[in-house]
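The values are calculated or read from the model by the stated rules, or taken from the named source; none is laboratory data. Keep in mind the model is a prediction, meaning the values are calculated, not measured. Counting neighbours? That spans all protein chains shown, and the Cβs are built from the backbone with ideal geometry, glycine included. The area values use the complete protein model at the heavy-atom level, side chains included, leaving out ligands, DNA and RNA. Shrake-Rupley method; radii C 1.70, N 1.55, O 1.52, S 1.80 Å.
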Amino acid sequence: MHETDMTKALILTVKDWYHSQPDKPKIEKIHLIVGQFTCVEPVSLQFAWEVQTQNIFLAGVELVIKETPLIAFCHSCQQEYQPEIGLQYSCPDCNSPMEDIKSGRELKIDRIEYSSTNNLKGCGGEQPFAPTDKCIGGSRTDPN
Amino acid sequence: MHQTFDAALEINLLHANQEGADHNRQHFDQWGITCLNIMSSPGAGKTVLLEQTLKALKNKFKIAVIEGDMTTELDADRLRKYNVPVIPINTGRSCHLDSKMVAGGIHILEHQYNPTDFDLVFVENVGNLVCPAEFEVGEHAKIALLSVTEGEDKPLKYPVMFQEADCLLITKIDLAPYLDIDLDRITENVRQMNPQVTIISVSAKTGEGLEEWFAWVSDRIK
Ligand SMILES: Nc1nc2c(ncn2[C@@H]2O[C@H](COP(=O)(O)OP(=O)(O)OP(=O)(O)O)[C@@H](O)[C@H]2O)c(=O)[nH]1
Ligand SMILES: [Mg+2]
Ligand SMILES: [Zn+2]
């Protein structure tokens, strides 16, 4: 599924960021914002993340996904409303079509949580995450 | 002690794809090409529509097709009969085309043909109602197909593609009399989320609606 490709893109972006950091920090969590009016399924994204990062420098890094609801703004009624995905998108009060989406289309890497390794010898001196045994397929190599 | 920091990135997850798409579009613009991205669920009639379109417009415009058939060259072979360049993209297991794959097609167009000769490039996306909608490839317009056999509720259930479409083709309308399908209902459902979309009902079999489609395409040409 396309979550695999999105995860690839995510890893590349994080890699770019990582290499732009002079002191190669220890990444702990990646925070994503995923709107409910997108084609992305958070569960699939989590799964793809675990699979694709298991043998690279991001192994064990937690992916935190915050979902945002679909919120539209009706210009006739001058109010926001929450369309019912799968059922109705037009304004429940006046039936105007959904034109102005305020939230729900986000697909964003919000922020990276990291700890500095400045005062540690080399990289990966500290391991805040014990390797989980949730990993799927293949053997997990040591994240160091 | 352990101190954590935050780096605010605020980067779109599809940032790289979007950049690639913009780059592709620059190439098209520079060559004076209009690119149309054709999307639908499997079997809604993309290839048949393209066959009809090539037949009708290939003498009027210089056309090429970038073909995103997943594993086979079946669709590409069908389109080659019309003597236009058909560039197959190997999408592997992917459920959609992305801008990088299409860039591969553009590269071939650039090196094996004279790209400035072309007016129009159709991209036939992988048959899938969900994923292609999130991956822009550098198109100037998105065309979504929905065949009457799929049911009027599909735009409600798979809204993103229909919300993004510039043109919706309701295909296979020759079959409508045999089905319990309410064509007005499809239109209503799509307009709920995309009031501006051009909606054309077509049958590649009887030819109904095709002139209107050809006119819509011709209007997009630079
Ligand atoms: N009756 C009827 N059948 C059609 C029409 N358009 C397409 N079909 C049939 O629908 C089937 C699928 O058509 P294709 O053009 O291969 O569909 P597609 O969207 O390209 O399919 P994929 O590329 O595999 O996703 C074929 O058997 C076509 O003959 C139409 O207007 N009327
Ligand atoms: Mg096809
Ligand atoms: Zn309203």
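Condition (residue is open to solvent by 10 Å² or more (accessible area, probe 1.4 Å), assigned to a helix (DSSP H, G or I), among the polar types (S, T, N, Q) and touching a helix residue (DSSP H, G or I) at 6+ places or on another chain (Cβ under 9 Å)) applied to segment B:109-120: is it met by at least one residue?
Scanning segment B:109-120, I find at least one residue that is open to solvent by 10 Å² or more (accessible area, probe 1.4 Å), assigned to a helix (DSSP H, G or I), among the polar types (S, T, N, Q) and touching a helix residue (DSSP H, G or I) at 6+ places or on another chain (Cβ under 9 Å), so the answer is yes.
Quick one: what pairs do we get from segment B:177-200, first residue within 14 Å of chain A (Cβ to nearest Cβ) and among the hydroxyl-bearing types (Ser, Thr, Tyr), second surrounded by 17 or more Cβ atoms within 10 Å (Cβ to Cβ) and assigned to a helix (DSSP H, G or I), C-beta under 8 Å, 6+ apart or different chains?
Once the first residue is within 14 Å of chain A (Cβ to nearest Cβ) and among the hydroxyl-bearing types (Ser, Thr, Tyr) and sits in segment B:177-200, no partner that is surrounded by 17 or more Cβ atoms within 10 Å (Cβ to Cβ) and assigned to a helix (DSSP H, G or I) comes close enough.
For the structure I just gave you, tell me whether residue B:149 is assigned to a helix (DSSP H, G or I), more than 14 Å from every other protein chain (Cβ to nearest Cβ), free of Cβ contacts under 8 Å to residues at least 40 places away in the same chain and over 10 Å from the mean Cα position of the chain (by Cα).
Yes; evaluated as a whole, the condition is true for this residue.
Given the options A:11, A:56, A:65, name the one that is more than 9 Å from chain B (Cβ to nearest Cβ), more than 20 Å from residue A:106 (Cβ to Cβ) and out of contact with any Asp or Glu (no Cβ under 7 Å at 6 or more places or on another chain).
Answer to the selection: A:56.
For segment B:1-11, state whether one or more residues are of a type in the set (A, V, I, L, M, F, W, C) and crowded, with 23+ Cβ neighbours inside 10 Å.
no
Which pairs do you get when a residue that is more than 9 Å from chain B (Cβ to nearest Cβ) and in contact (Cβ under 8 Å) with a residue 40 or more places away in the chain, found in segment A:83-107, comes within reach of a residue that is more than 11 Å from ligand 3 (Cβ to nearest atom) and open to solvent by 50 Å² or more (accessible area, probe 1.4 Å), reach meaning Cβ atoms under 8 angstrom, with the pair 6+ apart or on two chains?
What qualifies is A:104/A:36.
When residue B:137 is evaluated against the numbered criteria (1) within 14 Å of another protein chain (Cβ to nearest Cβ); (2) within 13 Å of residue B:40 (Cβ to Cβ); (3) β-branched (Val, Ile, Thr), which criterion, by number, is the only one it fails?
It fails just one condition, (2).
Residues to consider are A:92, A:143; find the one that is modelled with pLDDT of 95 or more and either away from ligand 3 (no atom under 14 Å from the Cβ) or more than 29 Å from residue A:23 (Cα to Cα) (or both).
A:92
Only one of B:138, B:127, B:207 is in a loop (DSSP other than H, G, I, E, B), more than 14 Å from the chain's Cα centre (by Cα) and in contact (Cβ under 8 Å) with a residue 24 or more places away in the chain; which?
Being in a loop (DSSP other than H, G, I, E, B), more than 14 Å from the chain's Cα centre (by Cα) and in contact (Cβ under 8 Å) with a residue 24 or more places away in the chain holds for just one of B:138, B:127, B:207, which is B:207.
Each row is one residue, and each column tells you yes or no for (1) within 14 Å of chain A (Cβ to nearest Cβ); (2) under 14 Å from residue B:121 (Cα atoms).
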| residue | (1), (2) |
| --- | --- |
| B:9 | yes, no |
| B:36 | no, yes |
| B:44 | no, no |
| B:69 | no, no |
| B:93 | yes, no |
| B:100 | yes, no |
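Kindly state which strands (runs of 3 or more DSSP E) lie completely within segment A:1-99 and contain at least 1 residues that are in contact with a strand residue (DSSP E or B) (Cβ under 6 Å, 6 or more places away or on another chain) and open to solvent by 50 Å² or more (accessible area, probe 1.4 Å).
A:26-35, A:62-68, A:79-81
With B:23, B:27 as the choices, which residue is under 26 Å from residue A:13 (Cβ atoms), open to solvent by 60 Å² or more (accessible area, probe 1.4 Å) and in contact (Cβ under 8 Å) with a residue 40 or more places away in the chain?
Sole residue among the options that is under 26 Å from residue A:13 (Cβ atoms), open to solvent by 60 Å² or more (accessible area, probe 1.4 Å) and in contact (Cβ under 8 Å) with a residue 40 or more places away in the chain: B:23.
Open to solvent by 20 Å² or more (accessible area, probe 1.4 Å), touching a strand residue (DSSP E or B) at 6+ places or on another chain (Cβ under 9 Å), touching a residue at least 60 places away in the same chain (Cβ under 8 Å) and of a type in the set (Asp, Glu), is that true of residue B:164?
It is false that residue B:164 is open to solvent by 20 Å² or more (accessible area, probe 1.4 Å), touching a strand residue (DSSP E or B) at 6+ places or on another chain (Cβ under 9 Å), touching a residue at least 60 places away in the same chain (Cβ under 8 Å) and of a type in the set (Asp, Glu).
Does segment B:68-83 include one or more residues that are surrounded by fewer than 22 Cβ atoms within 10 Å (Cβ to Cβ), of a type in the set (Ser, Thr, Tyr) and closer than 18 Å to residue B:204 by Cα?
yes
When you go through (1) in contact with a strand residue (DSSP E or B) (Cβ under 8 Å, 6 or more places away or on another chain); (2) open to solvent by 10 Å² or more (accessible area, probe 1.4 Å) one by one for residue B:93, which number turns out not to apply?
(1)
Return the total of residues in segment A:71-89 being within 11 Å of ligand 3 (Cβ to nearest atom) and closer than 30 Å to residue B:7 by Cα.
The total comes to 1.
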